[in-house]
Amino acid sequence: MTTATVRPPRAKRRSQRPAWEEQPTVAGQLAKGALLTAVVLAVLIPVWSIVVTSFSSRKAIADAGGMVFLPRDFDISAYVLIFTRGEVSRAVWNSMFVTVTGTLISLVCTVLAAYGLSRPGSLWHRPLLLFFLITFLIGPGLIPSYLVVTSLGLKDTHWSLILPTAINAFNLIVVRQFFMGIPAELIDSARIDGAGDWRILTRVVLPLSKAVVAVVGLFYAVGYWNIYFNAVIYLNNSEDHVVQQVLQAYILAGQSPAGIGSPPALGFNAPPSLAVKMAVVVVVLIPIVIVYPFIQRHFTKGVITGALKG
């Protein structure tokens, strides 16, 4: 005869759960759901209106009195205009070059510097670390930065947007702290097997640091894609303008894109200025929207762990 298992009372089982694992109340769940829904709607509604307006006809925008929320009269002439005129497409290619090249250079420099600073016996370890930490408090200033970029011959080139900001001190510290959290036994065993620093970095450290490298790479990519102030200062040739400069000219400065209202280019169905401006905004948003979901899962592990370890 088997003895039935006696379960503790429900209240007693709950009392043994840690505080952070307690079941939330119904009111708490409803409040969280309402808050999250409000935040999501506050983000999605403007984006939805921008996308719908970019695909709207002149009549739909006139009937709505501006931004369109309910889609009707689907029209892609705004996108045809901005890409056939070449100004926006050229700016997109320039931004892609700056983003891809700058992100690769920044990642290489950051990883190499972080690995060197994470090794206690490295050359000039403390002075170099102090040098990077000082940049948190003291910036170079606009005029000295401009003089350096000009004296190096980087003005009116895309390298003026990449090289002066190749290493971000915050990203460097995060990657360094993550490297310091890697067990020393792994590195020591690799050294016993005859591996040098370069092989240790590429074969041991980097495979364990995919999360933090991915997150820092996203930080760099977003920074380069959204770069504007330095572009205004250093890029005077319109052929070298990045997409943020074109966006500023269309949205804030109130300039109308070339070709609006010119019947020979697109016939008499030329898109309205508002639709073209919103189309440029959509083009600027698309790359980040595509890349972000692939990196999002690494944020907690990459940034928070890297900031706390060590």
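Just a yes or no: is a residue in the range 300-309 at pLDDT below 70 and within 30 Å of residue 72 (Cβ to Cβ)?
no
Let's see how each residue does on (1) touching a Cys at 6+ places or on another chain (Cβ under 9 Å); (2) under 30 Å from residue 67 (Cα atoms); (3) modelled with pLDDT of 60 or more:
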| position | (1), (2), (3) |
| --- | --- |
| 192 | no, no, yes |
| 200 | no, no, yes |
| 205 | no, no, yes |
| 248 | no, yes, yes |
| 255 | no, yes, no |
| 258 | no, yes, no |
| 287 | no, yes, yes |
| 291 | no, yes, yes |
| 296 | no, no, yes |
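Which fully enclosed helices (runs of 4 or more DSSP H) of the range 138-210 have 2 or more residues being surrounded by fewer than 12 Cβ atoms within 10 Å (Cβ to Cβ)?
Answer list for the range 138-210: 142-151, 184-192.
Are any residues in the range 81-109 at pLDDT 85 or above and among the β-branched types (Val, Ile, Thr), and if so, which ones?
Once the filter is applied, which keeps residues that are at pLDDT 85 or above and among the β-branched types (Val, Ile, Thr), the range 81-109 yields 92, 98, 99, 100, 101, 103, 105, 108.
Which ones in the range 105-131 are open to solvent by 40 Å² or more (accessible area, probe 1.4 Å) and either in contact with a helix residue (DSSP H, G or I) (Cβ under 9 Å, 6 or more places away or on another chain) or of a type outside the set (A, V, I, L, M) (or both)?
Within the range 105-131, 105, 109, 112, 119, 120, 121, 123, 124, 126, 127, 128, 131 meet the criteria.
Can you find, within the range 49-79, the residue that is nearest to residue 280 (Cα to Cα) among those that are hydrophobic (A, V, I, L, M, F, W, C) and surrounded by fewer than 17 Cβ atoms within 10 Å (Cβ to Cβ)?
76
Considering only residues that are without any contact (Cβ under 8 Å) to a residue 12 or more places away in the chain and small (Gly, Ala, Ser), which ones fall in the range 184-200?
Passing the criteria: 184, 189, 194, 195, 196.
Matching residues to (1) among the acidic types (Asp, Glu); (2) in contact with a helix residue (DSSP H, G or I) (Cβ under 7 Å, 6 or more places away or on another chain); (3) at pLDDT 90 or above:
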{"site": "170", "(1), (2), (3)": "no, no, no"}
{"site": "184", "(1), (2), (3)": "no, no, no"}
{"site": "208", "(1), (2), (3)": "no, no, no"}
{"site": "218", "(1), (2), (3)": "no, yes, no"}
{"site": "221", "(1), (2), (3)": "no, yes, yes"}
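Can you tell me which residue among 91, 31, 60, 42 is assigned to a helix (DSSP H, G or I), touching a His at 6+ places or on another chain (Cβ under 6 Å), of a type in the set (A, V, I, L, M, F, W, C) and on the phi < 0 side of the Ramachandran plot?
On inspection, the qualifying residue turns out to be 91.
Of the conditions (1) open to solvent by 80 Å² or more (accessible area, probe 1.4 Å); (2) modelled with pLDDT under 80, residue 8 fails just one. Which one is it?
(1)
Being more than 14 Å from residue 177 (Cβ to Cβ) and of a type in the set (Val, Ile, Thr) is the filter here; which residues of the range 100-146 pass it?
Within the range 100-146, 100, 101, 103, 105, 108, 134, 135, 138, 143 qualify.
Quick one: how many residues across the range 80-91 are open to solvent by 20 Å² or more (accessible area, probe 1.4 Å), of a type in the set (A, V, I, L, M, F, W, C) and in contact (Cβ under 8 Å) with a residue 40 or more places away in the chain?
Summing the residues that are open to solvent by 20 Å² or more (accessible area, probe 1.4 Å), of a type in the set (A, V, I, L, M, F, W, C) and in contact (Cβ under 8 Å) with a residue 40 or more places away in the chain in the range 80-91 gives 1.
Might you let me know whether the range 40-53 holds any residue that is modelled with pLDDT of 85 or more and in contact with a Leu (Cβ under 7 Å, 6 or more places away or on another chain)?
Looking for residues that are modelled with pLDDT of 85 or more and in contact with a Leu (Cβ under 7 Å, 6 or more places away or on another chain), one finds at least one in the range 40-53, hence yes.
Consider residue 31 carefully, then state whether it is open to solvent by less than 70 Å² (accessible area, probe 1.4 Å) and farther than 30 Å from residue 169 by Cβ.
Yes; evaluated as a whole, the condition is true for this residue.
The values are calculated or read from the model by the stated rules, or taken from the named source; none is laboratory data. None of the values given here were measured: they were computed from a predicted structure. Neighbour counts are summed over all protein chains in view; Cβ atoms, including those assigned to glycine, are modelled from backbone coordinates with ideal geometry. Side chains are part of the model used for accessible areas, which takes the heavy atoms of the whole protein and leaves out ligands, DNA and RNA. Shrake-Rupley method; radii C 1.70, N 1.55, O 1.52, S 1.80 Å.
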